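K.L.:
Here's a structure for you.
The values are calculated or read from the model by the stated rules, or taken from the named source; none is laboratory data. Values in this document were obtained by computation on a predicted structure and should not be read as measured data. We place every Cβ from the backbone using ideal geometry, glycine too, and count neighbours over all the protein chains shown. With ligands, DNA and RNA removed, areas are computed over all heavy atoms of the protein, side chains included. Shrake-Rupley method; radii C 1.70, N 1.55, O 1.52, S 1.80 Å.
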Amino acid sequence: MKIFRKKVNFFQLLATQCEIMRRGIDALYKYCTSVGQPDHESYGDMVIAIEDEGDMARRVLVDELNATFITPMERNDIFDLSGQLDEVLDYAKNSIDEMRLFKIEPTEDMTKMIAILCDITVHIQKAVESMEKHKNIAKDEAFKVKSLENEMGHRYYKALASLFESDDFKAVFKYREVYRHLNTTADKAEMAMDILLDILNSL
C-alpha cells in the first residue's frame, strides 16, 4: 500500500513567517515607546523570543521544501523569499542587542524609523497572504512596501544628519550602528517584495 504525503501549502508557510515577523517588529516598536515603563525590557525580550519563533518557522519551511518533489513555484524562489523574511526579523533582534550592548535608549528618530517598519510588515503580510488567490492585490501591497522603503531611506539620512550635529562621538557611533540596521531592515523587506513580484510574474 502506498502512503501519499499530504500536500504542503507553501503559501501558508510563508504567511506564517510574515505573521511572526510582523509581531517581532511590533514588539520592537513597543520597546522604543515604553521607555521608563515597568514592561519596557520585557518588549525587548519579546523581540528575541519572537526571532527564535521565526527561525523555527523558517526551518519548518526549509524541511518541507527539501521533502517536497513538486512545488507551486520555483523552490529557489520559496527559499529566497523565506530567507529575506527571516532576515527582517533578524535585524530587529540585532537592533535590540545593540541598544542593550551600547546602553542607549531609543530616540525619536529611531522610533519614527521603526514605525515605518511596522507599516512595511503589515503590507508584506497582506502581499504574501494574497499571493495564491489575489495576485493583483499582492502586487499592489508589494509596491506599497517599496514606496515605504524609499520613505525609510529619507528618514534614515535625516536621522543621520541630526545625529552628526552632536559632539558626543561615542554616542554618534552607537546610534549610527542601530540606525544603519534599521535602514537595512527596510532594504531586506524590499528585496523580499522583489522576489515576490518575480514569483507572481511566473505564476
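K.L.:
Could you grab the pairs with beta carbons closer than 9 Å, sequence gap of 6+ or different chains, first residue in segment 157-175 and closer than 17 Å to K103 by Cα, second one open to solvent by 80 Å² or more (accessible area, probe 1.4 Å)?
P.N.:
Taking only residues 6 or more apart or on different chains, the pairs are L163/R176; V172/F164; K174/L101; K174/K103.
K.L.:
Right, here's the next one. Got a sec? Which of T107, T111 is modelled with pLDDT under 95, over 14 Å from E149 (Cβ atoms) and among the polar types (S, T, N, Q)?
P.N.:
Just one listed residue meets the conditions, T107.
K.L.:
Restricting attention to segment 37-47, does a residue exist that is open to solvent by less than 60 Å² (accessible area, probe 1.4 Å), touching a Leu at 6+ places or on another chain (Cβ under 6 Å) and under 17 Å from V178 (Cα atoms)?
P.N.:
yes
K.L.:
Now, a different point. Being of a type in the set (A, V, I, L, M, F, W, C), out of contact with any Leu (no Cβ under 9 Å at 6 or more places or on another chain) and closer than 26 Å to I78 by Cβ: is that true of I137 here?
P.N.:
Yes, satisfied.
K.L.:
Now a separate question. Do we have any residue at all in segment 167-182 that's touching a helix residue (DSSP H, G or I) at 6+ places or on another chain (Cβ under 7 Å), over 21 Å from S34 (Cα atoms) and among the hydrophobic types (A, V, I, L, M, F, W, C)?
P.N.:
yes
K.L.:
I'm checking my understanding of the structure. Among residues of segment 150-193 that are open to solvent by 40 Å² or more (accessible area, probe 1.4 Å), in a helix (DSSP H, G or I) and of a type in the set (A, V, I, L, M, F, W, C), which one is farthest from I25 (Cα to Cα)?
P.N.:
F169
K.L.:
Check K139, K146 and return the single one that is in contact with an Asp or Glu (Cβ under 7 Å, 6 or more places away or on another chain), of a type in the set (D, E, K, R) and open to solvent by 30 Å² or more (accessible area, probe 1.4 Å).
P.N.:
Exactly one of K139, K146 is in contact with an Asp or Glu (Cβ under 7 Å, 6 or more places away or on another chain), of a type in the set (D, E, K, R) and open to solvent by 30 Å² or more (accessible area, probe 1.4 Å), namely K146.
K.L.:
Based on this model, can you work out whether R23 counts as surrounded by 13 or more Cβ atoms within 10 Å (Cβ to Cβ) and within 30 Å of T107 (Cα to Cα)?
P.N.:
yes
K.L.:
Collect the residues in segment 121-137 that are touching a residue at least 60 places away in the same chain (Cβ under 8 Å) and not in a helix (DSSP H, G or I), keeping them in residue-number order.
P.N.:
M131, E132 - these are the residues of segment 121-137 that are touching a residue at least 60 places away in the same chain (Cβ under 8 Å) and not in a helix (DSSP H, G or I).
K.L.:
From the list D140, D194, which one is among the acidic types (D, E), more than 24 Å from V47 (Cβ to Cβ), touching a Ser or Thr at 6+ places or on another chain (Cβ under 9 Å) and free of Cβ contacts under 8 Å to residues at least 60 places away in the same chain?
P.N.:
D140
K.L.:
Sticking with this structure for a sec: Among the residues of segment 72-120 satisfying the criterion of being part of a helix (DSSP H, G or I) and basic (K, R), which is farthest from L28 (Cα to Cα)?
P.N.:
My answer is R75.
K.L.:
Which of the residues belonging to segment 94-120 are within 30 Å of E132 (Cα to Cα) and open to solvent by less than 60 Å² (accessible area, probe 1.4 Å)?
P.N.:
I114, A115, I116, L117, C118, I120
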